[in-house]
1. Using a Förster distance of 22 Å, how high is the FRET efficiency between residue 185 and residue 306, based on the Cβ-Cβ distance and rounded to 0.05?
2. Which of the peptides 10-18, 272-280 is most tightly packed, and how do the rest follow, going by the mean number of other Cβ atoms within 10 Å of each residue?
3. For residue 48 and residue 245, FRET efficiency with R0 = 41 Å and r from the beta-carbon atoms, rounded to 0.05?
4. For the chain, what is the Kirkwood estimate of the hydrodynamic radius, computed as the reciprocal of the mean inverse distance between distinct Cα atoms, to one decimal in Å?
5. Write down, largest first, the equivalent ellipsoid semi-axes of region 180-321 in whole Å, where each equals the square root of 5 times an eigenvalue of the alpha-carbon gyration tensor.
6. Return the equivalent ellipsoid semi-axes of region 129-173 as a descending list in whole Å, where each equals the square root of 5 times an eigenvalue of the C-alpha gyration tensor.
7. Go through 71-83, 173-185 and give me the packing order, highest mean Cβ count within 10 Å leading.
8. By how many nm would the segment from residue 264 to residue 316 lengthen if fully extended, with 0.36 nm per residue of separation less the alpha-carbon distance?
Ligand code: UDP
């Protein structure tokens, strides 16, 4: 049987690279497109020698031409951490709009299935808790975070339009906070920030009073959910995330404990439009995908901390050489 071919945009990023690994393992041929603006070639280093894996450095806001059959187009390209999208506001809007348009165009040309990596940010600073897929969100379109939120809201609208008009088999994964190996230590998100601060015994920077909440999903759980969604015949948006909710202050204390760090906690100004609560309602994923996360926060954090320790060691070694 001919191999199933999947194009993954943003395939050198945190989630994209884990997905590349999983699909290669499942016997897919992968064409990975990434302009490396926030992704890293190191994330896919081990795949580069694999004959079923091809990397093309490419900016998907430009039109995409690829020869041969393609069965799946999986659109993961985008800056995704607040630090990155605040630094790259126009690129974020372009990859969410033009990038989604181009990848949907590719799916249409090849009659491929399409999956959009969307986000819990489409709910903005939610007035409904927990957030279910029926909730339409509370987003400030002109606020600083609007560049990411509105780009993803536009990309969801575009995806549904291609589904309705061109009958493309599209899927939308609304991904909640995810963490694990291959996150950039400097991507500014709360878990890499706290781990790198704790490992170097610097103060952990809690924004605001730390009463805001998030629910953290370990990467292998998320990839399992995405894999099931890719193979499903579902077209409506699906929340994928871990529904166990933590205060940011609790997270800081847990990371200090797990790293046995001497760090203290300091409080810094809360960023503008920072959502005060976030927790996915995953009843749709449970019902339709028979999926729910298995890895609890403490277990996932231990794996992530161990990985970051190695990364920091390798980084130091490469600087000495
Ligand atoms: N945060 C924090 N200290 C940090 C980084 C983040 O207190 O060093 C907070 C941030 O204000 C937010 C939460 O942690 O309330 C999660 O932030 P992150 O950037 O990881 O992702 P978000 O869920 O906001 O997209």
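Where a number appears in this text, it was derived from the coordinates with a stated rule and is not lab data. Treat the numbers as computed from the prediction; the structure is a model and nothing was measured. Here Cβ is always computed from backbone atoms with ideal geometry, including for glycine, and neighbour counts include all displayed protein chains.
1. In this case the efficiency is close to 0.95.
2. On the way: 10-18: 27.2, 272-280: 17.7.
Per-residue Cβ counts within 10 Å, averaged per peptide and sorted highest first, yield 10-18, 272-280.
3. Between residue 245 and residue 48 the formula returns 0.60.
4. Values: mean 1/r = 0.0500 Å⁻¹.
20.0 Å is the Kirkwood radius here.
5. Values: eigenvalues 172, 79, 32 Å².
One finds semi-axes of 29, 20, 13 Å for region 180-321.
6. Those come to 23, 14, 7 Å.
7. Order by mean packing, descending: 71-83, 173-185.
8. Numbers: separation 52, 0.36 × 52 = 18.72 nm, distance 2.42 nm.
Full extension of this stretch gives 16.3 nm more.
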